[in-house]
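Asks: Sharing a structure here in structure tokens format.
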Amino acid sequence: MSTTTQYQFVIRGGRPLVGEVEISGAKNAVVAILPAVILADEPCIIENVPNISDVEISLRILTELGAKVERLAADKYRIDATGIRSACVPYESARKMRASYYFMGALLGRFGHSRVSMPGGCPLGDRPIDQHIKAFRKLGAVCKVDRGMVDITSDGLKGNQIFFDVVTVGATMNAILAAVKAEGLTVIENAAKEPHIVDLASFLNSMGADIMGAGTDTIKIRGVKYLRGTSYAVIPDQIEAGTYMVAAAATGGNVLVKNVIPKHLESIISVMEKIGVKIEQFDDSVRVSVDGPLVKTSIKTRPHPGFPTDMQPQVSTLLCLADGTSMIKEGVSEQRFQYVEELRRMGADIQVDGKVAVIEGTGSLTGAPVKACDLRAGAALMIAGLAASGVTTIEDIYHIERGYSEMEQKLRALGAEITKEPVAAVNPVRRQTEQDAV
Ligand code: EPU
């Protein structure tokens, strides 16, 4: 029987983060841009690609489909998808990453049909894809689920009006991917407005697509027949930037967060300033420091340009260290409070009732063995561990490595005491706790 070594982060907290950190390319942009290369009629070069496992999985799927992938530098790939002949992504490949659903739109846009596994279960609860399917159907496709696969066929896609019943990032991206080579005009209404949607549209436009209005709630796409090769750099990751900004504040540090687009950080900056964090903005960087007490606030997460759900666990962690009672309302994602249980192990006082969390600031946290239950929960626990007194061990770090490029190295360069170690070697405390719980 083969065993895979599980790793954990071990953090000795209580040290202020000081220095500079370079933000990598945006996960939620690159996981759509890589499948979008399938639509190109010539090879493409993609730069500022983050070193994360979601990228690894996307590149593996492209290779399995028949694309040639060449790594030109640490963050730069040349991808030739012209040789792809298969439009099928099986369960084994698709289940590892929820965003594999972008292969549906991209393969459909290229071949007029696709067969991609239904995305599997997800730690964030029920995440339906009915709006993705609605968009494909509006473009003239027939969609059915057959033995776990979403089977999409068409006699050629035709532009149409698509109105989304909910604001959804994934379905907006998938509609763009499917419509970009469809015949005639597609108008997407009630579209999501996130920076990664603009980035996908900019990437496709750099190949000769005709997409207007990305970043607003109405996107117009006039189908084109041919998309040339391009060389394109992915935008910086706003959530990675926000995570380091909160980590700097939570440790009472002073960090210059580089390679960011400050405009994308507006809602995060506004909330952090309300909490009492000092933020200076420059052209492509922000400096975060703390020169007074952290104070309570109330937050509601919303689609862009509102405060992002993907920053909620991190900022909630910061509010555990603030004075007073804060209230968080989750307005986007269903199960975004699963990290609370783990934070309580570190001394947090948080009560959750449905989509609302009430946080009593305790001013401090203490190190403990904890588990990451999803990507942003993992980021929150990293911040908690950095701010806490004593040692924190974080298991299930594969969640964190899905979306944060070289986090351990970046944090160490900022003065954090953090190591990555095999689980069995250093975590007898956690295993004892689990045995006790039986
Ligand atoms: N929804 C539907 N039907 C659909 C699609 C979505 O009802 O067909 C609902 C969802 O259940 C949810 C809401 O619409 O309540 C928003 O979902 P959305 O489609 O916007 O989410 P997503 O595309 O699945 C992306 C990010 C998530 C991020 C959300 C919200 C990617 C790959 N993922 O997910 O990122 O939380 O948008 O901004 O872009 C993360 O990075 O940690 C992460 C989970």
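The values are calculated or read from the model by the stated rules, or taken from the named source; none is laboratory data. Here the structure is a predicted model, which means the values were calculated and not measured. Note: ideal-geometry Cβ built from the backbone for every residue, glycine included; neighbour counts use all protein chains shown. These area figures cover heavy atoms from the full protein model, side chains too; ligands, DNA and RNA do not enter into them. Shrake-Rupley method; radii C 1.70, N 1.55, O 1.52, S 1.80 Å.
Asks: Do any residues in segment 57-80 that are in the same structural domain as Y101 (by TED's automatic domain parsing) have Cβ atoms under 7 Å from those of residues that are among the acidic types (D, E), where the two are at least six apart or on different chains, and which pairs are they?
Replies: Within 7 Å, the pairs are A67/D80; K68/D80; D75/E47; K76/E47; Y77/E70; R78/E70.
Asks: Test S333 against the criterion of being in contact with a Leu (Cβ under 6 Å, 6 or more places away or on another chain), in contact (Cβ under 8 Å) with a residue 24 or more places away in the chain and of a type outside the set (F, W, Y), and give yes or no.
Replies: yes
Asks: Answer yes or no as to whether Y77 is within 22 Å of the chain's Cα centre (by Cα), closer than 17 Å to V37 by Cα and within 13 Å of the ligand (Cβ to nearest atom).
Replies: So Y77 fails the test.
Asks: If you don't mind, another one. Residues that are buried (at least 19 other Cβ atoms within 10 Å of the Cβ): find the strands (runs of 3 or more DSSP E) completely inside segment 75-167 holding 2 or more of those.
Replies: The strands (runs of 3 or more DSSP E) meeting that bar are 76-80, 114-117, 149-153.
Every residue, every condition in (1) in the same structural domain as A241 (by TED's automatic domain parsing); (2) under 22 Å from K193 (Cα atoms); (3) under 22 Å from the mean Cα position of the chain (by Cα), yes or no:
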{"residue": "G324", "(1), (2), (3)": "yes, no, no"}
{"residue": "M327", "(1), (2), (3)": "yes, no, no"}
{"residue": "G331", "(1), (2), (3)": "yes, yes, yes"}
{"residue": "L343", "(1), (2), (3)": "yes, no, yes"}
{"residue": "M346", "(1), (2), (3)": "yes, no, no"}
{"residue": "V352", "(1), (2), (3)": "yes, no, no"}
{"residue": "A368", "(1), (2), (3)": "yes, no, no"}
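Asks: Would you kindly identify the helices (runs of 4 or more DSSP H) lying entirely within segment 266-376 that contain at least 3 residues that are within 14 Å of the ligand (Cβ to nearest atom)?
Replies: 312-320
Asks: Return the pairs, sorted by first residue and then second, in which the second residue is near the ligand (Cβ under 10 Å from one of its atoms) and modelled with pLDDT of 95 or more, the first residue lies in segment 388-405 and is under 11 Å from K420 (Cβ atoms), the beta carbons are less than 6 Å apart, and the residues are 6+ apart or on different chains.
Replies: I400/G378
Asks: Something else about it: Which condition breaks for A32 when tested against (1) open to solvent by 60 Å² or more (accessible area, probe 1.4 Å); (2) in a helix (DSSP H, G or I); (3) closer than 26 Å to Y226 by Cα?
Replies: A32 satisfies every listed condition except (1).
Asks: Let me spell it out: the conditions are (1) at pLDDT 95 or above; (2) open to solvent by 10 Å² or more (accessible area, probe 1.4 Å); (3) under 19 Å from A87 (Cα atoms); (4) under 21 Å from the mean Cα position of the chain (by Cα), and S202 meets all of them except one. Which number is the exception?
Replies: (3)
Asks: Within segment 32-55, does at least one residue satisfy the condition of being within 16 Å of the ligand (Cβ to nearest atom), free of Cβ contacts under 8 Å to residues at least 40 places away in the same chain and under 23 Å from I400 (Cβ atoms)?
Replies: Yes: one or more hits.
Asks: Would you mention how many residues in segment 313-330 are among the hydrophobic types (A, V, I, L, M, F, W, C), without any contact (Cβ under 8 Å) to a residue 40 or more places away in the chain and open to solvent by 20 Å² or more (accessible area, probe 1.4 Å)?
Replies: Number of matching residues: 1.
Asks: I want to confirm something. Restricting to segment 149-159 and keeping residues that are touching a strand residue (DSSP E or B) at 6+ places or on another chain (Cβ under 6 Å) and away from the ligand (no atom under 15 Å from the Cβ), which single residue is nearest to G306 (Cα to Cα)?
Replies: This residue is G159.
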